[in-house]
């Protein structure tokens with residue numbers, strides 16, 4: 001009945017246009033339209049991109065890149081952290097003698113504190129507590145009345161370590177051989193006006209320090 005109604009409607013329109021049509025022709029046209037619609041649907045389904053695979057792969061790549069970047073940052077951070085440390089050996093009249101790691105720029109006083117502090121019989125006047133630490137340095141705190149030990153190379157112990165020209169006070173410089181209070185003040189004034197010493201040899205530019213006096217001082221001072 002449905003096909004009959006479709007045929008009557010199609011025949012009416014065809015007669016208006018002056019076209020004769022039979023039932024067989026109408027069935028063929030409907031079948032062709034159905035086939036055409038099915039073919040278009042199949043082709044469109046095949047051409048559709050696999051969105052799920054593309055979107056699921058991208059986050060994994062981003063996650064892998066993020067992990068790699070994070071690992072590099074951690075490694076770089078650890079490397080920088082190690083470069084900002086110094087390792088020193090603290091011995092003598094301290095509570096816990098041993099090897100300690102301290103921040104770069106720390107002083108002898110910090111190393112003594114890390115070793116548990118000085119003992120009651122320690123002679124701290126024999127040590128320059130304000131001296132900056134250097135990597136691999138040995139700091140020996142002698143007891144009162146005990147002379148500073150001599151190292152294997154003939155040099156004195158770290159209790160008599162060189163003064164840093166960029167941090168030593170007038171009082172500390174005054175104790176150096178051949179340097180009195182006046183010359184010590186000149187050294188500090190030169191340091192202040194020139195933004196610090198860049199080398200031990202620059203000490204010769206201070207008024208009153210000739211080549212002979214410099215030879216006396218160069219082993220007893222340093223520039224950090």
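The values are calculated or read from the model by the stated rules, or taken from the named source; none is laboratory data. Not measured: the values here are computed from a predicted model. Note that we place each Cβ from the backbone using ideal geometry, even for glycine, and neighbour counts take in every protein chain shown.
Scanning the range 60-81 turns up no residue that is over 24 Å from residue 176 (Cα atoms) and at pLDDT 85 or above.
Which of the residues spanning the range 189-224 are part of a helix (DSSP H, G or I) and crowded, with 16+ Cβ neighbours inside 10 Å? Of everything in the range 189-224, those that are part of a helix (DSSP H, G or I) and crowded, with 16+ Cβ neighbours inside 10 Å turn out to be 190, 191, 200, 203, 213, 214, 217. With respect to residue 121, is the statement that it is surrounded by fewer than 17 Cβ atoms within 10 Å (Cβ to Cβ), within 31 Å of the chain's Cα centre (by Cα) and farther than 16 Å from residue 222 by Cα true? Against the criterion (surrounded by fewer than 17 Cβ atoms within 10 Å (Cβ to Cβ), within 31 Å of the chain's Cα centre (by Cα) and farther than 16 Å from residue 222 by Cα), residue 121 does not qualify. Do you know which of the residues in the range 95-108 that are modelled with pLDDT of 95 or more and either crowded, with 16+ Cβ neighbours inside 10 Å or outside the structural domain of residue 129 (by TED's automatic domain parsing) (or both) is nearest to the chain's Cα centre (by Cα)? Among residues in the range 95-108 that are modelled with pLDDT of 95 or more and either crowded, with 16+ Cβ neighbours inside 10 Å or outside the structural domain of residue 129 (by TED's automatic domain parsing) (or both), the one nearest to the chain's Cα centre (by Cα) is 102.
For the range 172-184, filtered to residues that are free of Cβ contacts under 8 Å to residues at least 40 places away in the same chain and in a helix (DSSP H, G or I), the residue that is farthest from residue 162 (Cα to Cα) is 182. Residue pairs whose Cβ atoms lie under 8 Å apart, sitting 6 or more positions apart in sequence or on different chains, and linking a residue in the range 185-202 that is closer than 17 Å to residue 175 by Cβ to a partner that is outside any loop (DSSP other than H, G, I, E, B), are 185/170; 187/173; 187/203; 188/170; 188/173.
Summed over the range 168-188, the residues that are surrounded by fewer than 19 Cβ atoms within 10 Å (Cβ to Cβ) and within 14 Å of residue 220 (Cα to Cα) give a count of 5. Against the list (1) over 22 Å from residue 86 (Cβ atoms); (2) surrounded by 15 or more Cβ atoms within 10 Å (Cβ to Cβ); (3) at pLDDT below 90, the condition residue 154 fails is (2).
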